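Chemist: Structure below; questions to follow.
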Amino acid sequence: MTASPADSPADTPDNLDADESRRINTADLYDERGEELDSIALQFQSLGGLSHFSGPVRTIRCLEDNALVKSTLGTPGNGAVLVVDGAGSLRTALMGDMIAASAVANGWAGVVINGAVRDREVLADLPLGVKALGSNPRKSAKEGAGETDVELEIDGVTVRPGAMIWCDPDGILVER
């Protein structure tokens, strides 16, 4: 007797890849929860190796200075998503391959940057969700200017530390 595809061991919940079992589609989530969520309409690019990522929010507000991004992603992330409001500046990158690799090593689920990144090809190969407006090879300042764990407003959507965020190729949803 031949096993049907549904009986295949690869299809059982115990054999699913951990990332696949956590994959949440934002369209389905919005259909389910609707007005409990805000959608950021700004068109971020998906640049990391994970297309779907979610977690509790940590925040940074900075302009063309990534010292706080580097130091924060160098600490345990515990599955959180760092949201960086770089005021939409594309003049310098707020994250590159070395900082992103540190985020992976420290257990961050992903990073959303209202600004630019660099090293796109390496970022695409890392097991990290990355959304950003674009890229620029130019380094940013390293003076530590900015604020951490503050409420942000991106594209009219309030992003609070500790709120849940969900990201996929369709967009970004944030818990109100």
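The values are calculated or read from the model by the stated rules, or taken from the named source; none is laboratory data. Model, not experiment: these values are computed from the prediction. Here the Cβ is made from the backbone with ideal geometry for all residues, glycine too, and neighbour counts use every protein chain on show. Note: accessible area is taken over every heavy atom of the protein model, side chains too, but ligands, DNA and RNA are not part of it. Shrake-Rupley method; radii C 1.70, N 1.55, O 1.52, S 1.80 Å.
So that you can scan it fast, the table gives a plain yes or no per residue for (1) farther than 19 Å from ASP155 by Cα; (2) surrounded by fewer than 20 Cβ atoms within 10 Å (Cβ to Cβ); (3) modelled with pLDDT of 95 or more; (4) among the charged types (D, E, K, R):
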| position | (1), (2), (3), (4) |
| --- | --- |
| ARG23 | yes, yes, no, yes |
| GLY34 | no, yes, no, no |
| GLN43 | no, yes, yes, no |
| SER71 | yes, yes, yes, no |
| VAL112 | no, no, yes, no |
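Chemist: Could I ask something else about it? Can you pull out every residue in the range 27-51 that is closer than 23 Å to LEU128 by Cβ and of a type in the set (Ser, Thr, Tyr)?
Modeler: Within the range 27-51, SER39, SER46, SER51 qualify.
Chemist: Shifting gears a bit: Answer yes or no as to whether ALA67 is under 18 Å from LEU123 (Cα atoms) and either open to solvent by 60 Å² or more (accessible area, probe 1.4 Å) or of a type in the set (A, V, I, L, M) (or both).
Modeler: no
Chemist: If we scan the range 74-93, do we find a residue that is open to solvent by 60 Å² or more (accessible area, probe 1.4 Å), farther than 20 Å from THR26 by Cα and touching a residue at least 60 places away in the same chain (Cβ under 8 Å)? Can you show your working first?
Modeler: Residues of the range 74-93 open to solvent by 60 Å² or more (accessible area, probe 1.4 Å): 76, 78, 87, 90-91.
With farther than 20 Å from THR26 by Cα added as a condition, the list becomes 76, 78, 87, 90-91.
Okay, now just the ones that are also touching a residue at least 60 places away in the same chain (Cβ under 8 Å), so none.
Taking every residue of the range 74-93 in turn, none turns out to be open to solvent by 60 Å² or more (accessible area, probe 1.4 Å), farther than 20 Å from THR26 by Cα and touching a residue at least 60 places away in the same chain (Cβ under 8 Å).
Chemist: Just one of MET164, MET98 is free of Cβ contacts under 8 Å to residues at least 24 places away in the same chain and out of contact with any His (no Cβ under 7 Å at 6 or more places or on another chain); which is it?
Modeler: MET98 is the lone residue from the list that is free of Cβ contacts under 8 Å to residues at least 24 places away in the same chain and out of contact with any His (no Cβ under 7 Å at 6 or more places or on another chain).
Chemist: Here's another thing I want to ask about it. Just give me the residues in the range 70-83 being part of a helix (DSSP H, G or I), of a type outside the set (Lys, Arg) and more than 17 Å from GLY162 (Cα to Cα), in sequence order.
Modeler: The answer is SER71, and nothing else.
Chemist: From the list VAL130, VAL104, which residue is at negative phi and assigned to a strand (DSSP E or B)?
Modeler: Selected residue: VAL130, the only one of VAL130, VAL104 that is at negative phi and assigned to a strand (DSSP E or B).
Chemist: Could you list all residues from the range 33-65 that are farther than 16 Å from ALA100 by Cα, within 14 Å of the chain's Cα centre (by Cα), of a type in the set (A, V, I, L, M, F, W, C) and not in a loop (DSSP other than H, G, I, E, B)?
Modeler: Matches in the range 33-65: ILE40, VAL57.
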